[in-house]
Amino acid sequence: MPSLKSLRIRINSVKSTQKITKAMKMVAASKLRRAQEAAEAARPYAERMGAMLGALASGQAGQDNAPRLLVGTGKSDVHLLVVATAERGLCGAFNSSIVKLARRQIEELTAQGKTVKILCVGKKGRDQLRRDHASKIVDTVDLSKVRRIGFTEAQEITDRVVAMFEAGEFDVATIFFNNFVSVISQVPSTTQLIPAQVGGEAAGAGEAAGGAIYEYEPEEGEILEKLLPRNLSVQVYRALLENAASEQGARMSAMDNATRNAGEMIKKLTTVYNRSRQAQITKELIEIISGAEAV
Amino acid sequence: MAETFGFELVSPEKLLLSVQAEMVTVPGEAGDMGILPGHAPVISTLRLGVIEVSKATGGEERIFVAGGFAEMSNNKLTVLAEEAVPVAQIDRAKTEAKLKDAREDLADAKTDLARAKAQAAADKFQAMLDCAA
């Protein structure tokens with residue numbers, strides 16, 4: 001039986017933990033709202049970009065001189081996995097679910113005899129992947145100093161990826177991130193970056209919007225060459241934003257659980273505390289009464 | 001009332017402007033383009049420059065863009081710009097300071113990539129100053 005004092009200390013410590021988790025939950029909730037707004041604000045650009053790309057790419061894809069970012073190198077020997085995770089922990093299974101998906105993909109690709117390279121975005125993912133894939137990590141992008149993810153961060157990552165692609169360091173690039181569905185549900189997802197995926201839906205939208213043949217200024221190919229890296233940045237940006245929203249969502253529900261658990265713990269400890277306090281009082285009373293009777 | 005068409009200016013971070021316009025002049029890669037209602041479908045890249053919008057409600061808006069893409073289709077003009085600042089909001093002193101920084105970076109740049117980046121930044125701030133003047 002723990003002493004009354006140690007119980008009291010225990011209860012107080014759980015109480016202060018609860019205060020922290022509660023505060024973290026509230027901070028995450030407000031950050032989540034901002035992240036969601038950012039993700040929504042970014043949507044029009046991504047949609048228009050997709051439509052424009054669709055209109056352009058449908059005319060170019062079949063040609064021999066189509067840009068390599070669109071058609072790829074024609075091989076798929078070396079894969080680059082861009083694994084986007086959070087900079088901080090304490091957000092439930094957020095980081096490990098991305099890492100798990102990435103790990104599975106790595107195993108699959110290595111089983112097929114392909115070479116895998118990893119570009120980590122965010123330090124939590126790097127820490128986890130370093131355990132058994134340290135040799136595959138080529139670079140890490142540190143976003144811990146960044147308070148709000150802007151387009152510039154996405155662009156920096158894209159620049160790095162494009163530079164690597166142009167140096168012939170890989171054939172296929174895929175980004176791993178958590179897709180934000182709701183506060184309690186984030187789905188780890190992948191998007192292929194290079195060769196660019198022009199969705200059927202985007203291409204359709206391009207045609208529907210145009211309905212006619214576009215004039216191009218300068219030439220189609222030239223525009224496409226400028227548009228593709230931009231589109232890449234947009235994809236990365238979208239992934240980062242989804243990730244940011246998911247991180248806050250995951251943290252919010254994790255902290256909500258933690259707060260609830262702490263509450264339960266406090267309740268249990270308080271019951272034990274009261275019982276032993278009463279037991280002690282009763283014991284003292286018995287001692288006094290039996291002492292008085294003996295006189 | 002004159003005919004109008006929809007104009008939208010979108011940056012990656014948000015939708016900046018969505019108005020009905022009578023005429024929009026965009027700084028196309030191959031020269032400025034004045035776009036009027038009913039313009040043929042066109043896709044063009046943009047260079048550094050100013051977009052001039054004559055709004056249907058009257059009044060004009062001048063916005064500096066640091067490159068991007070313009071698409072005209074179905075009587076609707078969409079400009080995708082990574083960076084857009086209304087000309088009226090350009091802060092001369094700040095821009096000059098940034099231009100100076102960029103020029104210093106350019107002088108210090110060791111690799112081609114860094115040099116190209118600094119050059120692009122310098123060009124951008126120079127163009128901003130030019131159009132704010």
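Computed quantities for the displayed model
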item: ³J(HN,Hα) computed for each position of segment A:156-167 - Karplus, 6.51 cos²θ - 1.76 cosθ + 1.60, integer Hz, glycine/proline x; result: 4, 4, 4, 4, 5, 5, 5, 4, 5, 5, 5, 7
item: Amide H contacts of A:ILE137 (H built 1.01 Å from N, under 5 Å, at least 5 apart or other chain); result: A:ILE118
item: Relative compactness, segment B:90-132, computed as alpha-carbon Rg over 2.2 N^0.38 Å; result: 1.13
item: Relative packing of peptides A:119-130, B:85-96 - highest average C-beta neighbours within 10 Å first; result: A:119-130, B:85-96
item: A:MET52, A:MET26, B:MET23 arranged by Cβ crowding within 10 Å, fewest neighbours leading; result: A:MET26, B:MET23, A:MET52
item: Percent antiparallel among DSSP beta bridges (both partners in the protein assembly as shown, rounded to 5); result: 65 percent
item: Calculated [θ] (222 nm, deg cm²/dmol) that DSSP helices of n ≥ 4 give over chain A, each run adding -39,500 (n - 2.57); result: -23500 deg cm²/dmol
item: Hz values of 3J(HN,Hα) by residue in segment A:111-120 - Karplus curve (6.51, -1.76, 1.60), Gly and Pro given as x; result: 5, 7, x, 9, 8, 10, 10, 10, 10, 8
item: Mean separation of Cα contacts under 8 Å (6+ apart) over length of segment A:138-288, as relative contact order %; result: 31 percent
item: Rg ratio (alpha-carbon, reference 2.2 N^0.38 Å) - segment A:33-138; result: 1.37
item: Greater than 18 Å apart at Cα, pairs in A:LYS22/A:LYS145; A:LYS114/A:LYS136; A:LYS145/B:LYS98; A:LYS15/A:LYS267; A:LYS100/A:LYS136; A:LYS22/A:LYS100; result: A:LYS22/A:LYS145; A:LYS145/B:LYS98; A:LYS22/A:LYS100
item: Over segment A:107-207: Kirkwood hydrodynamic radius from C-alpha pairwise inverse distances, Å; result: 15.8 Å
item: Percentage relative contact order, chain A, counting C-alpha pairs under 8 Å, at least six apart; result: 33 percent
item: Charge context of A:ILE184, other residues only, Cβ under 15 angstrom, K/R +1, D/E -1; result: +1
item: Normalised convex hull volume, segment B:5-87, alpha-carbon set, Å³ per residue; result: 73 Å³
item: Alpha carbon centroid spacing (whole Å) that separates segment B:56-133 from segment A:101-152; result: 34 Å
item: Net charge contributed by nearby residues that have their C-beta within less than 12 Å of A:ARG277 (K/R +1, D/E -1); result: +3
item: Calculated SAXS-style log₁₀ I(q)/I(0) at q = 0.10 Å⁻¹ - the protein assembly as shown, Debye, Cα scatterers; result: -0.81
item: HN-Hα J in Hz across segment A:192-197 - Karplus 6.51, -1.76, 1.60, θ = phi - 60°, x for Gly and Pro; result: 7, 8, 10, x, 4, 9
item: Cβ-derived FRET efficiency at R0 35 Å, A:ALA29 paired with B:GLU104, nearest 0.05; result: 0.20
item: Antiparallel content of DSSP bridges confined to segment B:5-87, in %, to 5; result: 90 percent
item: Shielding by partners, peptide A:221-227 (average Cβ within 10 angstrom, other chains); result: 3
item: For segment A:31-252: Kirkwood Rh in Å [reciprocal of mean 1/r, alpha carbons]; result: 18.1 Å
item: Whichever lysines have a C-alpha closer than 21 Å to that of B:LYS55, once near sequence neighbours (fewer than 8 apart) are set aside; result: B:LYS14, B:LYS76
item: B:LEU48 long-range amide H proximity, modeled H, under 5 Å; result: B:GLY67
item: Crossing angle, helix B:92-108 versus chain B [Cα axis fit, 0-90 degrees, rounded to tens]; result: 50 degrees
item: Long-range amide H partners of A:VAL121 with built H, under 5 Å; result: A:VAL83, A:ALA84, A:THR85, A:VAL141
item: Charge context of A:GLN112, other residues only, Cβ under 14 angstrom, K/R +1, D/E -1; result: -1
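Read-outs throughout are calculated quantities, based only on the coordinates presented, and are distinct from any laboratory measurement. Here the structure is a predicted model, which is why all the values come from computation and not from measurement. Quick reminder, even Gly has a Cβ in these numbers, built from the backbone with ideal geometry, and neighbours come from all protein chains shown.
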